[in-house]
Every structure is written in C-alpha cells, then in structure tokens.
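Beneath this line is the structure, given in structure tokens, with notes to follow.
The values are calculated or read from the model by the stated rules, or taken from the named source; none is laboratory data. This is a predicted model, so every value here is computed, not measured. Here Cβ is always computed from backbone atoms with ideal geometry, including for glycine, and neighbour counts include all displayed protein chains. Accessible surface areas use protein heavy atoms only, side chains included; no ligands, DNA or RNA. Shrake-Rupley method; radii C 1.70, N 1.55, O 1.52, S 1.80 Å.
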Amino acid sequence: MLLEIKNLNKTYGDSKDNLFYALKNVSFSVDKGEFVVILGPSGCGKSTLLNILGAIDKFDDGEVTINGYSLFNLSETKATQYRRKNVGFVFQNYNLVPNLTVRENIALSASLVEDSLDIDEIIDSLGLTDHKEKFPRQISGGQQQRVSIGRAIAKNPDIILADEPTGALDYKSSKEVLSIFEEINQKYQATIIMVTHNSALKEMADRVITLKDGVIVSNEVNNNKKAISEIEW
Amino acid sequence: MVGIFQKTILKRAPREYKKNYFKFFILHVFLIVLLSLVSGYLTGTQAVDQSYYSMLTSQNAEDGEFSTFFKFGDENIKTIEDKFDLNIEDNSYYNVKFVNKNNENNYVNIYTNRNEINKISLVSGRMPNAVDEILLEDSYSDYNKYEIGQTISINDYQFNIVGRGYFADFPSIRKSSTDIAFKFEEFLLGYVNIESFSKFPVNDLTFSYAYKFNKQLSDEEKSAISVEMKSTINDLTKKDMNFVIKFLPANENRNISTPKNYASQYTPIILAFVYVMIAIIAFVFSIDTTSRIIEESKVIGTLRATGITRTQLTSFYLLLPLFVILISSIVGNLLGYFVFAPIFANIFTELFSFKLISIPFYWDVFILTTIVPSVILFAISLLIVALFIQKPTSAFLKGEIEHVSQQGTKVLKNKKRFFARLRERIFMKNFANYVFLFIGVILGSILFTTGVSLKTCVDNQINTVVNEAFCEDMYLLKLPVECNEPNVEKFGMYSFDYEQSGYKRTAISMYGIVDNSKYINIDFSNYEEDTIFISSGFQEKYNVGVNSELTFFDTSSRTNITYKVAGIYKYYSSPCLFAPIKVTSNLTYKNRIEPYEESIERILKFYGIEYDLKGIILNGYFSDHVLDCFKDEHIESIITPLTLKTDTQMMVKTYNTISIMVMAAGTIVYVLMMFLLTRHLMDKNTKNIALFKILGMTDKEILKSFNIPSFIVLVLSLIIAMPISRIFTNMYITKIAYKTMLQFIQYVFPLWIYPLCIGIGLASFIIVLLVSKAKIKKVSLIELYKSE
C-alpha cells in the first residue's frame, strides 16, 4: 500500500459555533501504480484533499501516510522535502513559468532530485519534441498541460496529484492530456490521483472515490477500466 | 459611465493602498524625511539670510572702517565726510588680553559710542549706563557661560554684566578680519559707557572709525569710492605723521560679509539632489505601476472595450503615486517648517552673531518642496504609464503588452547548469527592476563614496597642516623687533591679491626666507631674481606649474606684479608663495614703509624700538621654542601646530558637515533602493515563488535564485561607482571648491576607500536578504490557485 488515509478531518473557522468541516472522517487507501479518480461537485473538498496529500495544506486530525511516512504536523522543511521527493503536481491552469522554455520547465522539476527521469525522453513521449525550445505562450493550452505533466513526472515521484487537469481544455485537448496520464500510469507505473467533476472519467480509473460535503460517499474499485479513447462525454 | 468609473477608482485606490501599506509606509517615511529636511533647511536658512539683511539695516551696519596708528583728527574726519558724502563715527576700541572664568587666555575688544553706526542689538538685559557696567557679546557669553548679574575681570577692573547683545560689525566673529576661521569662543566684544572706557590705558587704544554713506549706493559705486577714499586718508595721515593700519570696506570685511547668503549657499546643490531622488522614486513607482498594468492587462482590455478612455485609465494608475507624493510633501513641509526650520536656523545663528527675527512661511519653499517634486513625479509617471496605456486594446485583451518579456524569452545555451539558467531567466525577466537597482546603487555608492572621500580630504588636511608646520612656534609681529635668541630665524611676509578666471579673489601670502633656511628648504641661489617658488597647494588649487608667469595685485601700491615660477615647494597646507627675504623686504619698504617713513619712525619711537628700515624688513620669526624677546604689543599672533589644527578644523567644519550629510544621503538611497526594488521583485514573482515552493524548492534555493542576480548587480554597481565617485569628488574639489572657497583642501583619494565602500555596500546587502527571506517565507502556496 502506497497511501493510507484514516479518519482525516479538516475544518475551517475559528470557533465551535462557526466550525466548517471541509473533510470529515475521510479514510481510503491507494496502492502503488493505481489510477484514482476523485469525483464530486464544486466545494465538496476535492482540492482540499489533494492539497493535504501534497503537504500544501495541513489537517486537524487523522492519519495520512505515504510509503509509511506520516504527513501529520509536518514542519515547513519536512513538507518541502516531501513535496520535492515524493509528489508531482498538475494544475488546472498549468502554472508553467512563463519565461522558461518547455524543456526548462520540465528541467526545473528534474533538477530538484537526484534520480530524475531523462528529460528528453519525457519530452519525446509527451510529443513535445518540436516545441521544447518554445515558451508557454507560444504553444496551445493542451500542449502546456502536457508540459505540466512532464514537469510532474520528471522527478519520478511516488505520487502524481492532478487537480482538474482538463478543466481549462477543450474536448480534443482533454482527451490528449488524459491519454498521457494513461500512458505514464502504464509506462512508469506512476500512482495518479486525479480530481475532477467530470463523472465520465471514472471509467478510466482503477479506483473511484466520490466526495460530497467533505464526506466520502463511495469508494469503488473499477473492474471495467476503459481506455480514454473509448470514453465519450 | 464616467461618474461610475471615477467612483470605482476612488474605492479601489484606498484598497490598493491598504494592501501595500508597508511599501507605501516606507515611501512616505523616506519622502517625508527627505522633504521635511529640505524644506526645513530652505526655510531656516532663508530666515537666517533675511535676519542678516534686516540686521544690517536696523543696526545701521557700517559701509566700511579704517584704523590709524594715532588719532585721526576731527578736521580730517570732516574732510572725508564732506568729500565722500558720508558719516564717520569714532569706533575706537581697546584690544585687551584677559583671563576668562575658565582660566583661559582670551582677548576682548572694548567699545563705547556706537550711537549712529554699528548700533548694538540688545539680546537681554540693558545697555551699560554706569561706571563698571559692561554689555557682552552674546555668542561668547553663551559659550563661556557669562550671565547678567555676574562680574567679569578685564585689566584688573571688575565689571558688572548688565546686558548681552550683538554688534552690527561682527555678525561673524574673528579676532582679525582677515582670519578665515570664526573665533567667537575665545574672542569677546564688550561695550561700556564713556566713563568706563576712559579707565583703560591709552597705549592699548586702537583708533578705529566706521563710515556709512549718506546715500544708497550700489556695491560697485561703493568700491569705486573706496579706492579714492583710501588714497585720501593715506595722504591725510601722512601729512600728520600718522599711519593707516587698516582700511576695510564692508564687502572685504569677512566679519561682515561672511554671513551674506552663507546659510543658503548649498540650496542649488541640495535641490538638485532632491529632484534626482524624486526622479528615481518616480521610476521605482513606474516599475510598480507598469507591473500592475501588465498584471491587469486583460481587465484593462475589457474596460477599454467597454468604452473607458485611456485618459481615465491613466488617471487611475497615477492616482496613488500622486497621492503618496502630495501627502508626503505636505506633511514634510509642515514638519520642515515647525521642526527642522528652527533647528537649521539655530545651527547658523549659533555660528553667527545676530538675532534671528522670525521664521516666516515662504511660499517659494513650499513650491520648491511640494509642487516641483509632485510635478517631477507626475511627469515621469505619466510618461511611462501613458506609453503602456497607448498600446492597442487587442494587445491588452490578449495579455501581450509586456515588452520586456522579449528579453526573458531568449533561447539560452543548453550547456549551462539548470539553476544558473534559472537565475539568468529571472534576471532577464526582471531586467527593468535590476536596471533601477543598478542606477539606485550607483547613485547611492557615488554619494556614499563621495562623502567618505570628502571626509578623507578633510581629515588629511588637518593632519597635513600639523605635519607641514614650518616650526613649533611661528611669531608674526606687528612691529619689526630684533631677536637674538639661538635657533631662531627671521622671515618676511607680504600679501597680494590673486585672481584667476573663475576663481574667487583671494589674498595670498608670500614668505620671504633667509639663505640656507633651516625651516624652509629652498635654495634660491641658482635662480634668477624675481623668480619665486609656489607651494604645492597653490600649484594644485590654481593648476599652474614651473615656468608659469603669475600676476598678483598689490593692494598697497594698487599695481600688478608678475613673477615667474622657479619651482614647487611641497606644502599642501595652503596656497602660498616663497621668495628670498630681500624680495618681501623690498616690497614692504617700497610700498608700505617708504611712503610713510616718517610716520613709521614715529611709531617705532613711540614703542622705543630701534630698527634700520632701509635694511632687511622682517615680519616674524620661525622658532622651535617659546621666545622671550617680545612684548605683547609687538606680537600679532603665535602660530603653533595646535593653533593650525584648531583653525583648520574650524575652516573645514562645513566640509565635514557636507561629507557626513552626503554619506548619510548615500546610505539612505542605498537602503531605500534595495528595499523597494527587492520588495517589488518579490511581489512581482509571488506566483513563481509559490510554484517553486510546491515543486519542493527550499526557501534558501529560491532566495539564491532571486538574489544572486541582485548580488551580481550590486557588486557591479559598486565597482562601477568607485571610479565615478573618484571623478566626482575630484571634480567637486578641484572644479568647484577650489574656485569658490577661500580655504584649501588637498584632493586625496587613498586606495582603501575602494574596499571600504565595497564592504559597506555588501554589508547592506543584508537588507536585500532580509526582505526577500521574509517575503519568500510569507508566500502562501495557495497563491497558485488564484486566478490569473
């Protein structure tokens, strides 16, 4: 088991009267190489959960362990080290550094770890060979998201956290990006946790977790996993 | 639409202000400090100038004075009054040595009369009207703690102090009107009534007369009349076997003329400095504003598309800079007027000796320190903002208005290590920021290094005058008296006026030295007659050398004399000349003795001195020990290394203040520019910093990525600033100070200034590190989720 979450609680508010549960008693586990899709409407706590898994946000109580490493009350330094070695992020709005080239954006991440993957190989597998010396504003949104995935995978992390990665893309680009996730999941045995509100995408996952108002309403293993090319929405 | 937009602006601007309160607070503080000091200086010094001019009128200050050895008779006075349409008042005084209450040997000039000319301005108490009552000059009394009701002992007489006041012919106080340094600490002026005056021994009386023209005349007219008047007085005294010791029109009398515009003399340079600072602040503001425009380009595009005009948008982006400068300048002015103006006025009135009447509110100062800075800031901001806002609406909508981004998107060689590339990218992306850091640091470094080097010159000059002193005790004599003690050496002295194009007319001394002098090592035997040596100080100040032909004006004969420079004598203490003693002796005899020989012989007889006036005329002695040959009345002054040091310290006091002010200004510029630009750099890159943090970069790595370029820029600026500062200091001293100031300061620039300034510059890099460290720590990772 790669990731284990037990009774995770996250609240907002400063007094008992206005305490708001963003996540309540959340428990689930993820095996290495699993592709997990977290579904739910806006405001259900998906992104909060992802931020906790990425040590961007803290939680009140419960247990979150990745490879046996607890994320509870991590110091700033340890959280940085954790993000550096264990996590790759993919954001909805890509968040590429505008004045770094495609290659440099990926190298930025690779340069932070010793056992990074080969940058040029990643660029080739992402179909970005012709664009590697271009800057983000010179390529399309789909291509930018591919760079963002490349940046996440380059440091060979334990887990890739993707927050609505197709939220800003058109249908065709979304499919291209999702097929890349599919490919890296298979090729690198990458563990991917993807947050989305698009329920059609649950079919490409090994595990589907549905959240509503901060509570897990279902946690199902998908035995009929489909390739993204077969999924329509 | 327009009304709604203006209202929206008025709502948004305070929010922006509140959001960046710390940055604006620092800017306010800097601008308020800068403008309050300047408005305080301008107001205070203008008030001092105004009080000085007002004093000249209210106390009916003299147009000139003259002294004669024996009394200048009433008939002579009437002749002069009638001929030149003026009023003469007897201003004779006793110059008496006395021991003050601190047991120090001081001198006092005791006056009476002063009913018409050079009236006394009472500071406290009353005028003396009984025997044994005295009024003392206020600055001396203040310094030496003499109060009304106390007594002072002069010439064994006890006087009751009944008043303190100012003397119109001594708005600045020197013992001798030719001295450069002020001496109110050890030279007292006293006023007694006529009965008390008559108690002093007649032998100590100096016959002095103040004159005032009956009509208002221009300075040129007064100067023209003075020449003729002096000649007439000389003729009259010669006829009476009398002798003119001194003839001094007010504009040549340093006691009277020094305070004229003295306090406000640095106004142009201070205003220039302030406006340069405001221009830099305007550019810093503009970087900030243009960053906001780039950040909000899509919103601006949408607003343009909905009909908001470029002028409306420009006015919005100019609102905050204008608000900051206006508020700061108004507060600065109030603070300047109420707090700093009295402080600056006091600095100068403490130096001088006249009453500060009042500190009025000067509208010109208000305009110079409020309107002008605001206009400068507005004009620069308008220019830069307008250039950005002029871009097409489509460019705004696409978010493609960042011109500088072209520099940031240059393809770099792949061979570089990634972090080096990242730093290079950061540098290119924030190029404008680094350019201003560069300019700011250069300006700060120039100011700082200039301040340090000026201070070095001042300190060096003080050491130089001590080290180069001709001897331990140099006796300057009023009368030629032979001294046969061992190891003493006579010298002659003659004074000329020297003027070179662009330079202030200055009195230059010529030392006449004996053959094989032990004290001044020049051998004139190999040179032609009428050749002289000049001091290296003269050489440096006037940029002349060996074989130059120099023409001097002899004020006694009113003729020009030309000498050829045979050599340079290493003497940086002052610009002066050296010649064989027979040269000064001949000049003295020909121009100052021969025409009045009978008068002078009468004077020598009066003192019981026998001297061959046709032989070598001496003016003093070099000695390494105290001499017993002379009586007090023979001695003009005794110059020792200590008196030289004190005098030089007094002379270079202004330089010292300037150097400290320039150093402080440089440090402020340094700190401010580093703070503002580092903070701006960090603000502008908040999202990138958040991303770097999420990717797992440590704060230290991020700090290095942003600050290694800052560090390189800083070092580069410092290295470039050093030679510029050197040139600047050299120019200031050799091109401005040499020409405008009476005193001489040798220009020196020791090599240790380089490492010192670079070291201090680098030490201030801590500010950059602290600001960026705090900001990096503060950046929330959630920043990345904020919409573009």
| request: Any chance you could count how many residues in segment B:624-657 are touching a Phe, Trp or Tyr at 6+ places or on another chain (Cβ under 7 Å) and assigned to a strand (DSSP E or B)? | output: 2
| query | From the residues in segment B:7-34 that are modelled with pLDDT under 80 and open to solvent by 70 Å² or more (accessible area, probe 1.4 Å), which one is farthest from B:Val671 (Cα to Cα)? | reply | B:Lys7
| said: Contact list please: Cβ distance under 9 Å, first residue in segment A:86-104 and under 19 Å from A:Ile123 (Cβ atoms), second residue among the hydroxyl-bearing types (Ser, Thr, Tyr) and not in a helix (DSSP H, G or I), pairs at least six apart or on different chains. | reply: A:Pro98/B:Thr409; A:Asn99/B:Thr409; A:Thr101/B:Thr409
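Every residue, every condition in (1) more than 8 Å from every other protein chain (Cβ to nearest Cβ); (2) buried (at least 20 other Cβ atoms within 10 Å of the Cβ); (3) under 20 Å from A:Asn51 (Cβ atoms); (4) of a type in the set (A, V, I, L, M), yes or no:
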residue	(1), (2), (3), (4)
A:Thr80	no, yes, yes, no
A:Phe89	no, yes, yes, no
A:Val97	no, yes, no, yes
A:Glu114	yes, no, no, no
A:Glu121	yes, no, no, no
A:Asp124	yes, no, no, no
A:Gly141	yes, no, no, no
A:Val147	yes, yes, no, yes
A:Gly150	yes, yes, no, no
| message | Can you list residue pairs whose Cβ atoms sit under 8 Å apart, with the first residue in segment B:324-345 being under 20 Å from B:Ile278 (Cβ atoms) and the second being in a helix (DSSP H, G or I) and open to solvent by 40 Å² or more (accessible area, probe 1.4 Å)? Count only pairs 6 or more apart in sequence or on different chains. | response | B:Ile325/B:Phe378; B:Gly332/B:Val33; B:Asn333/B:Phe366; B:Gly336/B:Leu37; B:Phe340/B:Leu37
| task | Would you check if A:Ser47 is open to solvent by 10 Å² or more (accessible area, probe 1.4 Å), within 29 Å of A:Lys226 (Cβ to Cβ), touching an Asp or Glu at 6+ places or on another chain (Cβ under 7 Å) and not in a strand (DSSP E or B)? | result | yes
| query | Taking into account only those residues within segment A:1-21 that are among the acidic types (Asp, Glu) and modelled with pLDDT under 80, which is nearest to the chain's Cα centre (by Cα)? | reply | A:Asp14
| query | Here are some residues: B:Asp288, B:Asp240. Which one is more than 30 Å from B:Pro373 (Cβ to Cβ) and among the charged types (D, E, K, R)? | reply | B:Asp240
| field | Unmet requirement for A:Lys134, which otherwise passes all of (1) facing another protein chain (nearest Cβ under 10 Å); (2) outside any helix (DSSP H, G or I); (3) within 21 Å of A:Gln81 (Cβ to Cβ) | value | (3)
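Yes/no per residue for (1) modelled with pLDDT under 90; (2) of a type outside the set (A, V, I, L, M); (3) outside any loop (DSSP other than H, G, I, E, B):
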{"residue": "A:Val147", "(1), (2), (3)": "no, no, yes"}
{"residue": "A:Ala152", "(1), (2), (3)": "no, no, yes"}
{"residue": "A:Gly167", "(1), (2), (3)": "yes, yes, no"}
{"residue": "A:Val208", "(1), (2), (3)": "no, no, yes"}
{"residue": "A:Ile216", "(1), (2), (3)": "no, no, yes"}
{"residue": "A:Asn223", "(1), (2), (3)": "no, yes, no"}
| request: Could you grab me the full set of residues in segment B:531-565 that are in contact with an Asp or Glu (Cβ under 8 Å, 6 or more places away or on another chain) and either closer than 19 Å to B:Val465 by Cβ or open to solvent by 20 Å² or more (accessible area, probe 1.4 Å) (or both)? | output: B:Phe553, B:Thr555, B:Asn560, B:Ile561, B:Thr562, B:Lys564
| Which is more than 28 Å from A:Tyr188 (Cβ to Cβ) and either within 14 Å of chain B (Cβ to nearest Cβ) or out of contact with any helix residue (DSSP H, G or I) (no Cβ under 9 Å at 6 or more places or on another chain) (or both), of A:Gly68, A:Gly43, A:Gly54? | A:Gly43
| remark: Filtering helices (runs of 4 or more DSSP H) wholly in segment B:528-611 for at least 2 residues that are over 30 Å from B:Val202 (Cβ atoms) and either in contact (Cβ under 8 Å) with a residue 40 or more places away in the chain or under 38 Å from the mean Cα position of the chain (by Cα) (or both) gives B:536-542, B:581-588
| Any idea how many residues of segment B:608-643 are touching a helix residue (DSSP H, G or I) at 6+ places or on another chain (Cβ under 7 Å), within 20 Å of B:Ser574 (Cα to Cα) and open to solvent by 50 Å² or more (accessible area, probe 1.4 Å)? | 0
| message | Only one of B:Asp612, B:Asp554 is over 29 Å from B:Val227 (Cα atoms) and among the acidic types (Asp, Glu). Can you tell me which? | response | B:Asp612
| note | Residue hits (segment B:332-385; hydroxyl-bearing (Ser, Thr, Tyr) and in a helix (DSSP H, G or I)) are B:Tyr337, B:Thr349, B:Thr369, B:Thr370, B:Ser374, B:Ser381
| task | Kindly provide the set of residues from segment B:35-59 that are of a type in the set (S, T, N, Q) and either surrounded by 24 or more Cβ atoms within 10 Å (Cβ to Cβ) or in contact with a helix residue (DSSP H, G or I) (Cβ under 8 Å, 6 or more places away or on another chain) (or both), ordered by number. | result | B:Ser36, B:Ser39, B:Thr43, B:Thr45, B:Gln46, B:Ser51
| If only one of B:Phe316, B:Phe285 is open to solvent by less than 40 Å² (accessible area, probe 1.4 Å), part of a helix (DSSP H, G or I), touching a Lys or Arg at 6+ places or on another chain (Cβ under 8 Å) and in contact (Cβ under 8 Å) with a residue 12 or more places away in the chain, which one is it? | B:Phe316
| request: Among residues belonging to segment B:682-712 that are open to solvent by less than 10 Å² (accessible area, probe 1.4 Å) and away from chain A (no Cβ under 14 Å), point out the one that is farthest from B:Val458 (Cα to Cα). | output: B:Met682
| task | Considering (1) out of contact with any strand residue (DSSP E or B) (no Cβ under 8 Å at 6 or more places or on another chain); (2) more than 14 Å from chain B (Cβ to nearest Cβ); (3) acidic (Asp, Glu), say which one A:Glu63 fails and leave the rest. | result | (1)
| request: Under 8 Å between Cβ atoms, at least 6 apart or on separate chains: pull out the pairs that start in segment B:430-441 with a residue that is over 12 Å from B:Phe706 (Cβ atoms) and end on any residue that is hydrophobic (A, V, I, L, M, F, W, C) and assigned to a loop (DSSP other than H, G, I, E, B). | output: B:Phe431/B:Val404; B:Ala432/B:Val404
| query | Yes or no: B:Thr640 at pLDDT below 85 and among the β-branched types (Val, Ile, Thr)? | reply | no
| message | Can you report the number of residues in segment B:762-788 which are within 30 Å of B:Met722 (Cβ to Cβ), away from chain A (no Cβ under 14 Å) and at pLDDT 80 or above? | response | 8
| said: Please determine whether any residue of segment B:749-756 is closer than 30 Å to B:Ser509 by Cα and open to solvent by less than 30 Å² (accessible area, probe 1.4 Å). | reply: yes
